[in-house]
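Below is one structure; the comments refer to it alone.
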Amino acid sequence: MDAPPAAPGALRALLARPAARKLLVLAVAAAVLGPLATMAWGGGAWPQALTVDLTGPLGRANDWIIDNRDHHWLFLYFFGHISGAIIGAVHAVYTVLLALGWAGVTAGAGLLAWRVAGVRVAVTTLASFAVCGLLGMWVPTMRTLALMIVAVAASVVVGALLGLAAGLSERTFRALRPVLDTMQALPAFAYLMPVVLVFGIGVAPAVLATVVYAAPPMARLTALGLRATDKGVLEAVESLGATSRQRLLTARLPLARRELLLGVNQAIMMALSMAVIASVIGADGLGDRVYQALSTVDVGSALAAGIPIVLLAIVLDRTTAAAGDGRASHGPSGRLVWPLVAAATAAAAVAARLLDARNWPDTWTLSIAAPVNDAKDWMVDHLYSGVPGIGGTAEWAAHYTGWILDPLRDGLQGLPWWGALLLVAALAWLIGTWRTALTAVLALAAIGVLGRWDVSMDTLSQVLAAVAVTLVLGFAVAVPAARSPRVDRLLRPVLDVFQTMPQFVYLIPVVALFGIGRAPAAAAAVVYALPAVVRITSQGLRQVNPGAMESARSLGATSGQQLRHVQFPLARPELLLAVNQAVVLVLSVVIIGGLVGGGALGYEVVFGLAQGDLATGLVAGAAIVCLGLMLDRVTQPTKAEKKGAGA
């Protein structure tokens, strides 16, 4: 937009800035469209006239599916076969694990970790499986592991095929990238309702939801690995007369090995996270134990099932990460290693069977539920309220809810609906492109059309408050970590462990500390998102140009001035990425916070699943998708900046 010729110099200079021109356009739009919208539909919450009630059609669709599930050809000859194949595969893997017994599974997992990642990870693996047995969680662990193996195998195959197509075709890559971006920004809960509508409750929909959730990172990393192949290598192979298939098998795939293994690692971690959450739609195993325990506020039982989840996540992450890092040389090598691993596993399984010790011995179990619940009761009596000087955790939760969440929710719900749309457009357009702004506005408008405006504003208030707390804490920790190698070394293993843990596990300690409600869900969200914010921020601050830092020091800038005027401005892309990740991660936990009294959209999904009211759950799930899409777009500036578009 060109400045008017008669504009004063200051105004002309102001309008020369792209951000000022964008704000001017939006201000004009607000001045014109705001009064018109208010006169037509009112200026408060989303107008009822612009709402489409989908509960009727969705309810009828749900009834039709239930009535026809047993005899319609679509279910008998398509969905039924898919469901049957999944259930059969999970049952087969579970049978193999039971046949190996605890000795065979533990020995096989330990030897596999030794071969791939070395002695330290092997010892960790043996200790982790032993703890699963000691806690009396061997059978649930094997059920979760069986579901995981099937889901990960399918996710890797689906993701690799999609990544292969995107890596070899520019058109497919451009078409697939926004889909993957959107899928990776959505909370896990959003994936549950569509599969439940078709497949009902059980293992099959749990596996399918896990596959859909875990496949995108595999597809993305496969495509990136193939597209990053050195052009000189490809030209050399092509000059030798290699066909396309030979170039793929002899050059592209071997050179993309690191990205492929990283994709497998990410698929495994996301599958574990989803397999635990999928307990609300019938996935048996450790997640179901945690879900049942949390529903009765039995913190001891929830912790007994949560510890194996954490250990399983650590073992799987360390083993697959070592394979991706090329650390296999730490383990033994040679052609006979794998046959020896198989033989040793079989020998352990046979020995346990001969000793009639296939199942984990009951006398080797240790119940921690009772002492943990006693400790929780002590905390309720002594730490919930009345602690001299600082109050109690229940009082903190009440203050956080009453002083922050309630006013913020009331403020968002009190905004004129068209004002909220313009505000989102301004945020998205200022840091992105007009396309991201349009996507964000349409996503927010879709929430209103679905009739979930107020409840979505409730969820949004929880997200914004938790993100603010996360960023304050994250920046406070990241700055010393960026400046001190010793602090960074101390923090690194802690961040590694916290980033490995599935989001569902974070609900257990916060329920013990704060009870149930919106504040515990927010606390879990903060703890879940904090490691990513600390890691991205500290890395960004460390990568600031040393020459710029030296120049600032030579001019006598203090430590605070260096931080404010040099490090933060130069690390802006990483800081904005940290904000984006904080928003996405906080939203995912705030949604599952519906399981512990978080209310809002998460509660509606849980209510729909628990009561069989899939129409309510599906509409809430669609609103979650739109909210996640909107939040991702208004905090995703990096790609636009790199392209230099959007002005």
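The values are calculated or read from the model by the stated rules, or taken from the named source; none is laboratory data. All values reported here derive from a predicted model rather than from experimental measurement. With ideal geometry, Cβ positions are generated from the backbone for all residues, glycine too; neighbour counts draw on all protein chains shown. All accessible areas refer to the heavy atoms of the entire protein, side chains included, with ligands and DNA or RNA removed. Shrake-Rupley method; radii C 1.70, N 1.55, O 1.52, S 1.80 Å.
Can you tell me which residue among ALA478, ALA512, ALA482 is over 20 Å from the mean Cα position of the chain (by Cα) and at pLDDT below 80? Quick ask: steps written out before the conclusion?
Values: ALA478 fails: at pLDDT below 80; ALA482 fails: at pLDDT below 80.
After ruling out the rest, the residue left standing is ALA512.
So, restricting to helices (runs of 4 or more DSSP H) that lie completely within region 155-235, which ones have at least 2 residues that are surrounded by 23 or more Cβ atoms within 10 Å (Cβ to Cβ)?
Per the criteria, 192-199, 203-227.
When you scan region 539-550, do you find a residue that is open to solvent by less than 30 Å² (accessible area, probe 1.4 Å), of a type in the set (A, V, I, L, M), at pLDDT 80 or above and in contact with a Gly (Cβ under 6 Å, 6 or more places away or on another chain), even just one?
No, that holds for no residue.
Condition check: touching an Asp or Glu at 6+ places or on another chain (Cβ under 8 Å) and open to solvent by less than 30 Å² (accessible area, probe 1.4 Å). Does ALA420 satisfy that? Give the steps one after another, and end with the answer.
Numbers: touching an Asp or Glu at 6+ places or on another chain (Cβ under 8 Å): no; open to solvent by less than 30 Å² (accessible area, probe 1.4 Å): yes.
For ALA420, the condition - touching an Asp or Glu at 6+ places or on another chain (Cβ under 8 Å) and open to solvent by less than 30 Å² (accessible area, probe 1.4 Å) - is not met.
Could you tell me whether LEU585 is within 18 Å of ARG633 (Cβ to Cβ) and open to solvent by 60 Å² or more (accessible area, probe 1.4 Å)? Break it down stepwise before answering.
Values: within 18 Å of ARG633 (Cβ to Cβ): yes; open to solvent by 60 Å² or more (accessible area, probe 1.4 Å): no.
No.
Applying the selection to region 60-97, what residues are closer than 16 Å to MET148 by Cβ and either out of contact with any helix residue (DSSP H, G or I) (no Cβ under 7 Å at 6 or more places or on another chain) or of a type in the set (D, E, K, R) (or both)? Full working, then the answer.
Of all residues in region 60-97, those closer than 16 Å to MET148 by Cβ come to 86-87, 89-97.
Scanning region 60-97 gives HIS91, ALA92, THR95, VAL96.
Could you go through region 600-611 and let me know if any residue there is over 25 Å from ALA293 (Cα atoms) and modelled with pLDDT of 80 or more. Please lay out each step first, then the result.
Going through region 600-611, the residues over 25 Å from ALA293 (Cα atoms) turn out to be none.
Checked region 600-611: no residue is over 25 Å from ALA293 (Cα atoms) and modelled with pLDDT of 80 or more.
Starting from residues that are part of a helix (DSSP H, G or I), at pLDDT below 85 and of a type outside the set (A, V, I, L, M, F, W, C), keep the ones in region 62-82 and report whichever is farthest from ILE201 (Cα to Cα). Quick ask: steps written out before the conclusion?
Within region 62-82, the subset part of a helix (DSSP H, G or I) is 62-68, 73-82.
Okay, now just the ones that are also at pLDDT below 85, so 62-68, 73-80.
Imposing the further condition that a residue be of a type outside the set (A, V, I, L, M, F, W, C) reduces the set to 62-63, 67-68, 77, 80.
Working: ASN62: 13, ASP63: 15, ASP67: 15, ASN68: 16, TYR77: 19, GLY80: 13 Å.
Out of the qualifying residues, it is TYR77.
Is there any pair with a first residue in region 523-551 that is closer than 27 Å to TYR506 by Cβ and a second that is among the charged types (D, E, K, R) whose Cβ atoms are under 6 Å apart and which are 6 or more apart or on different chains, and what are they?
ILE536/GLU574; GLY540/GLU574
Out of (1) closer than 30 Å to GLY136 by Cβ; (2) out of contact with any Gly (no Cβ under 8 Å at 6 or more places or on another chain); (3) touching a residue at least 40 places away in the same chain (Cβ under 8 Å), what's the single condition that is false for ALA428?
Condition (1) is where ALA428 drops out.
Which residues, taken from region 242-257, are surrounded by 12 or more Cβ atoms within 10 Å (Cβ to Cβ), charged (D, E, K, R) and over 29 Å from the mean Cα position of the chain (by Cα)? Steps first, answer last, please.
So in region 242-257, the residues surrounded by 12 or more Cβ atoms within 10 Å (Cβ to Cβ) come out as 242, 246-257.
Now narrow it down to the ones that are charged (D, E, K, R): 247, 252, 257.
Passing the criteria: ARG247, ARG252.
Exactly one condition in (1) under 30 Å from ARG143 (Cβ atoms); (2) at pLDDT 85 or above is false for PRO361; which is it?
All conditions pass for PRO361, except number (2).
On the given criteria, is ALA302 surrounded by fewer than 20 Cβ atoms within 10 Å (Cβ to Cβ) and either at pLDDT below 85 or at positive phi (or both)?
Numbers: surrounded by fewer than 20 Cβ atoms within 10 Å (Cβ to Cβ): no; either at pLDDT below 85 or at positive phi (or both): yes.
Taking the combined requirement at face value, the residue does not satisfy it.
Can you name the number of the only condition in (1) charged (D, E, K, R); (2) within 27 Å of GLY474 (Cβ to Cβ); (3) open to solvent by 10 Å² or more (accessible area, probe 1.4 Å) that ASP632 fails?
The single condition ASP632 does not satisfy is (3).
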